[in-house]
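Working notes, structure below.
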Amino acid sequence: MGKLTLILGGARSGKSTFAEKRAKQANGKVLYIATAEAMDEEMASRIEIHKQERPSHWQTLEIPLNVGKSMQNYPTDVNIILLDCLTMLVTNVLLKVNPDPDVVDERASDAAVVEEIEGLKTAVSHSHADWLIVSNEVGLGLVPPYPLGRVYRDTLGRANQMLARTADEVYFMIAGLPMRMIHDDS
């Protein structure tokens, strides 16, 4: 089984840059899993910039949902898998469960995200590659003023905790600087 590293931080904290640097330093074959979907022009532009910035020899898979299930049977000889990012994966799950943002089913949302994370954890545990998973820490800011935003913040926080509990390493990024977190096993 490979190693799981979870990289958390706020927007523009340097999470992706740190993860990509770690992947490059591993001097191995890298598989990049992109979870974002281009739902508008701005997002399409951001995705295109990310594609251009990645090394051309990295293999990229675009998997917006069911990452764990997709990867369980994916035959690969890579030794690093970089998933960027869990934040968008959770967004995709929540939007599928809640197509109308004014009608939010918190229980169904939470169950769908737990299923996604459990599938991801299973894929990681069956993989020989080291995994780098990037995610936003959204619990440090304001409480969103609308129901879907609050469910998103809470659900992503629980998803981050689920992965952090099983991760070999967890980093928290602030202003491009990594802080290594430790597990409190007490």
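The values are calculated or read from the model by the stated rules, or taken from the named source; none is laboratory data. Please read all numbers here as calculations on a predicted model, not as lab measurements. Don't worry about glycine lacking a Cβ; one is built from the backbone with ideal geometry, like all the others, and counts go over all protein chains shown.
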- Mind listing just one residue for me: the one in region 15-30 that is free of Cβ contacts under 8 Å to residues at least 40 places away in the same chain and not in a loop (DSSP other than H, G, I, E, B) and, of those, surrounded by the fewest Cβ atoms within 10 Å (Cβ to Cβ)? 25
- Filter region 31-60 for residues that are of a type in the set (Ser, Thr, Tyr) and surrounded by fewer than 18 Cβ atoms within 10 Å (Cβ to Cβ); the one that is modelled with the lowest pLDDT is 45
- Message: Quick check on residue 11: is it within 20 Å of residue 137 (Cα to Cα), out of contact with any helix residue (DSSP H, G or I) (no Cβ under 7 Å at 6 or more places or on another chain), at pLDDT below 90 and not polar (S, T, N, Q)?
- Response: yes
- Message: For residue 179, only one of the following conditions fails: (1) of a type outside the set (Gly, Ala, Ser); (2) in contact with a strand residue (DSSP E or B) (Cβ under 6 Å, 6 or more places away or on another chain); (3) in contact (Cβ under 8 Å) with a residue 12 or more places away in the chain. What is its number?
- Response: (3)
- Task: Report those strands (runs of 3 or more DSSP E) wholly inside region 75-186 carrying at least 3 residues which are within 13 Å of the chain's Cα centre (by Cα) and not β-branched (Val, Ile, Thr).
- Result: 80-84, 130-136
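Results for (1) crowded, with 18+ Cβ neighbours inside 10 Å; (2) closer than 24 Å to residue 16 by Cβ; (3) modelled with pLDDT of 95 or more; (4) not acidic (Asp, Glu), shown as yes or no for each residue.
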position: 74; (1), (2), (3), (4): no, yes, no, yes
position: 135; (1), (2), (3), (4): yes, yes, yes, yes
position: 155; (1), (2), (3), (4): yes, yes, yes, yes
position: 161; (1), (2), (3), (4): no, yes, yes, yes
position: 167; (1), (2), (3), (4): yes, yes, yes, yes
